[in-house]
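Asks: This is the structure I have questions about; it appears just below.
The values are calculated or read from the model by the stated rules, or taken from the named source; none is laboratory data. From a predicted model like this one, the values you see are computed outputs, not experimental measurements. Ideal geometry is used to build each Cβ from the backbone, glycine not excepted, and the neighbour counts take in all protein chains shown.
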Amino acid sequence: MYKKTFLLTKPTVTDLLVKNTRNLIGAITKAVGSGGAVDVFLMLHQYATDVIAEFTYGPHGSTNSLVDTTYRHVAEQFALSDRRVYQLCQIHLPFVTKIYDRIVRVLSSKRKIGVFEYGWQAVQSVRKEKITDPEESLASLMMSSRNETFSDAYIASELLDHFIAGSDTTANTLTYLLHELSRPQNHSVQHRLHQEIMLINSNSISLSEIDKLPILDAVVREGLRVFSAIPFLEPREVPAGGRIINNYFLPEQVFPLSQSNV
């Protein structure tokens, strides 16, 4: 499901991206209208969480945190720095963390749902629905597997890895990208990008059409190069027969290292 050909041709992927992008624009517009500063960093975490959640769990497990507060705390756990300390305590001081959680539940007037609890609830929500399209989401794909039967606990654990890995990295990449575009020296790039995007028919959006936009592609690639959300190199195996890359021949079974987005 992560193949580019799948993402560009699956209507449900287009629908979830269009819907959540419109929710993001609506949230930013509303915040600007109310005056004061707009916390784009937090909003982009909500946006990324909503997109990755729906891709992972489908419409029945979506967070919709930009328009609904039920699972908004899930996005906040990714975005707010104080949650990092809490997550470290979960690993190194689990007993103390459990006591802290109990105290918070007693004192808090409104209970907040965290990442791990959401992951379990999302799997249960998908399980209750009749799966008509095994490729609707990663959850439906695992639940409809004919070769292997997975327990709900296994599915929840596996999908949380995908969900957490995709949400934080997407939000951080978008934040740095928008920051760079907003700088005075890059206003000309921002203007050209805006002109290119405005050529898209908003009534019939096609990911295949968007994928062919040269300026958007260049901006995203440069953003990933300069502000890589995964700051380490990944190995790539050269296939049989070797390949020529930038006029250099790489023989087969060689493992060159490159950024994860390459």
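Asks: Would you mind finding the one in A153, A165 that is surrounded by fewer than 13 Cβ atoms within 10 Å (Cβ to Cβ) and either among the hydrophobic types (A, V, I, L, M, F, W, C) or in contact with a Ser or Thr (Cβ under 7 Å, 6 or more places away or on another chain) (or both)? Working first, answer last.
Replies: Working: A165 fails: surrounded by fewer than 13 Cβ atoms within 10 Å (Cβ to Cβ).
Exactly one of A153, A165 is surrounded by fewer than 13 Cβ atoms within 10 Å (Cβ to Cβ) and either among the hydrophobic types (A, V, I, L, M, F, W, C) or in contact with a Ser or Thr (Cβ under 7 Å, 6 or more places away or on another chain) (or both), namely A153.
Asks: Is it the case that R183 is over 23 Å from L24 (Cα atoms) and among the basic types (K, R)? Give the steps one after another, and end with the answer.
Replies: Values: over 23 Å from L24 (Cα atoms): no; among the basic types (K, R): yes.
Here the answer is no, as R183 does not meet what is asked.
Asks: Taking the options A218, A240, name whichever one is at negative phi, in the same structural domain as V189 (by TED's automatic domain parsing) and of a type outside the set (D, E). Talk me through it step by step, then tell me what you get.
Replies: On the way: A240 fails: in the same structural domain as V189 (by TED's automatic domain parsing).
Of the residues listed, the single one that is at negative phi, in the same structural domain as V189 (by TED's automatic domain parsing) and of a type outside the set (D, E) is A218.
Asks: Let me ask you something else. Among the residues of segment 222-245, write down those that are under 18 Å from T170 (Cα atoms) and of a type in the set (K, R).
Replies: Answer for segment 222-245, where residues must be under 18 Å from T170 (Cα atoms) and of a type in the set (K, R): just R225.
Asks: If you don't mind, there's one more thing I want to ask. Among the helices (runs of 4 or more DSSP H) contained in segment 1-103, which hold 2 or more residues that are modelled with pLDDT under 90, within 14 Å of the chain's Cα centre (by Cα) and assigned by TED's automatic domain parsing to the domain that holds S144? Spell out how you get there, then give the answer.
Replies: On the way: elements: 4-9, 11-33, 40-57, 72-79, 82-92.
Those helices (runs of 4 or more DSSP H) span 72-79.
Asks: Another question about this same structure. Quick check: is even one residue across segment 166-174 of a type outside the set (A, V, I, L, M, F, W, C) and either touching a Cys at 6+ places or on another chain (Cβ under 8 Å) or over 17 Å from V51 (Cβ atoms) (or both)? Spell out the reasoning first.
Replies: Pass one, segment 166-174, residues of a type outside the set (A, V, I, L, M, F, W, C): 166-170, 172-173.
With either touching a Cys at 6+ places or on another chain (Cβ under 8 Å) or over 17 Å from V51 (Cβ atoms) (or both) added as a condition, the list becomes none.
Among the residues of segment 166-174, not one is of a type outside the set (A, V, I, L, M, F, W, C) and either touching a Cys at 6+ places or on another chain (Cβ under 8 Å) or over 17 Å from V51 (Cβ atoms) (or both), which makes the answer no.
Asks: Which of the following residues is of a type in the set (F, W, Y) and either surrounded by 20 or more Cβ atoms within 10 Å (Cβ to Cβ) or touching a His at 6+ places or on another chain (Cβ under 8 Å) (or both): F6, F41, F55?
Replies: Numbers: F6 fails: either surrounded by 20 or more Cβ atoms within 10 Å (Cβ to Cβ) or touching a His at 6+ places or on another chain (Cβ under 8 Å) (or both); F41 fails: either surrounded by 20 or more Cβ atoms within 10 Å (Cβ to Cβ) or touching a His at 6+ places or on another chain (Cβ under 8 Å) (or both).
The conditions single out F55.
Asks: Scan segment 144-158 for residues that are among the hydrophobic types (A, V, I, L, M, F, W, C) and under 12 Å from T56 (Cα atoms) and jot them down.
Replies: Residues of segment 144-158 among the hydrophobic types (A, V, I, L, M, F, W, C): 150, 153, 155-156.
Hits for segment 144-158 are I155, A156.
Asks: Out of R111, R127, R192, report the one residue that is over 23 Å from P59 (Cβ atoms), in contact with a helix residue (DSSP H, G or I) (Cβ under 7 Å, 6 or more places away or on another chain), at pLDDT below 90 and of a type in the set (K, R).
Replies: R111
Asks: Now a separate question. Have a look at Q195, Q185, Q259, Q253 and point out the one that is surrounded by fewer than 14 Cβ atoms within 10 Å (Cβ to Cβ) and in contact (Cβ under 8 Å) with a residue 24 or more places away in the chain. Don't jump to the end; show me each part of the working.
Replies: Values: Q195 fails: in contact (Cβ under 8 Å) with a residue 24 or more places away in the chain; Q185 fails: in contact (Cβ under 8 Å) with a residue 24 or more places away in the chain; Q253 fails: in contact (Cβ under 8 Å) with a residue 24 or more places away in the chain.
Sole residue among the options that is surrounded by fewer than 14 Cβ atoms within 10 Å (Cβ to Cβ) and in contact (Cβ under 8 Å) with a residue 24 or more places away in the chain: Q259.
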